[in-house]
Amino acid sequence: MLHCLLIEDDAETRRYLSTGLQRHGYSVSGCADGGEAGRMLLDGHWDVVILDRMLPGVVDGLTLLEGMRERGDFTPVLVLSAMNSVDERVRGLHAGGDDYLAKPFSLAELLARVENLVRRAASTRAVSQLQVADLQLDLRAMRASRGGQTIPLQPREFRLLEYLMRHEGQTVTRTMLLEDVWDYHFDPQTNVIDVQVSRLRGKVDKGFDLPLIHTVRGTGYTLKAPSADDSAQL
């Protein structure tokens with residue numbers, strides 16, 4: 001049975017979601033404020049967290065989320081919020097959210113998104129190491145390194161690099177990255193992808209003679225190992 005922590009201050013919404021999740025095989029524990037949620041996150045093991053962004057008290061949803069990621073807790077998190085502008089959604093995702101669902105929403109959509117997060121987390125655990133050239137990704141320890149040098153990555157950067165490495169040599173579009181890394185469907189013209197890839201490229205390729213992350217003009221990006229011709233030109 002999968003264990004879900006439901007952090008939602010509205011009692012009626014919390015009961016409704018708990019009932020729906022339990023009917024679909026989840027074990028659900030609920031709480032209503034950031035202080036209690038913080039203790040439960042530290043004390044329990046959760047397969048997925050559903051987090052209301054606006055919580056009463058000092059600790060709000062995004063603060064909780066940022067705290068999780070800073071201490072290395074990469075449990076998949078679905079953020080719920082009535083704040084539905086693109087800027088607010090991007091803020092939630094940058095804070096470490098794996099998906100963002102605006103209120104009001106249907107139970108069916110919430111369940112589908114939760115199932116997708118759980119399924120992706122399970123597939124990540126099945127493979128423990130990824131490697132392209134001298135770039136290594138340890139999926140269990142959530143560590144990246146190149147040429148033996150540790151690369152400090154934020155949670156979103158880690159997921160972005162993982163996706164590019166899993167699609168080594170393939171061109172991935174901005175829309176693919178939005179849907180598969182951010183789990184969100186909004187205007188593909190937003191520059192959030194370009195900004196994140198630029199930051200990641202600065203960490204992965206800076207200081208190395210041959211770049212691994214490449215822009216495919218007008219399409220997206222690709223990560224690939226240097227070819228023999230590339231090496232011969234050095």
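The values are calculated or read from the model by the stated rules, or taken from the named source; none is laboratory data. Please read these numbers as outputs of a predicted model, since none were measured by experiment. Here Cβ is always computed from backbone atoms with ideal geometry, including for glycine, and neighbour counts include all displayed protein chains. These area figures cover heavy atoms from the full protein model, side chains too; ligands, DNA and RNA do not enter into them. Shrake-Rupley method; radii C 1.70, N 1.55, O 1.52, S 1.80 Å.
The figures follow:
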item: Conditions (1) over 17 Å from the mean Cα position of the chain (by Cα); (2) open to solvent by 60 Å² or more (accessible area, probe 1.4 Å); (3) over 23 Å from Leu177 (Cβ atoms); number of the one not met by Glu70; result: (1)
item: Identity of the residue in region 160-179, modelled with pLDDT under 90 and surrounded by 18 or more Cβ atoms within 10 Å (Cβ to Cβ), that ends up farthest from Thr75 (Cα to Cα); result: Arg174
item: Evaluation of Val114 against (1) out of contact with any helix residue (DSSP H, G or I) (no Cβ under 6 Å at 6 or more places or on another chain); (2) open to solvent by 20 Å² or more (accessible area, probe 1.4 Å); (3) part of a helix (DSSP H, G or I) (one fails), failing number; result: (2)
item: Scope region 60-89; condition in a helix (DSSP H, G or I), of a type outside the set (Ser, Thr, Tyr) and out of contact with any Pro (no Cβ under 7 Å at 6 or more places or on another chain); matching residues; result: Gly61, Leu62, Leu64, Leu65, Glu66, Gly67, Met68, Glu70, Val86, Asp87, Glu88, Arg89
item: Residue list for region 1-26, restricted to those being among the polar types (S, T, N, Q) and more than 13 Å from Ile50 (Cα to Cα); result: Thr19, Gln22
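Here is a yes/no grid of residues against (1) among the hydrophobic types (A, V, I, L, M, F, W, C); (2) open to solvent by 70 Å² or more (accessible area, probe 1.4 Å); (3) more than 23 Å from Glu115 (Cα to Cα); (4) out of contact with any Lys or Arg (no Cβ under 7 Å at 6 or more places or on another chain):
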| position | (1), (2), (3), (4) |
| --- | --- |
| Gln22 | no, yes, no, yes |
| Tyr26 | no, no, no, yes |
| Met40 | yes, no, no, yes |
| Asp52 | no, no, no, yes |
| Pro56 | no, no, yes, yes |
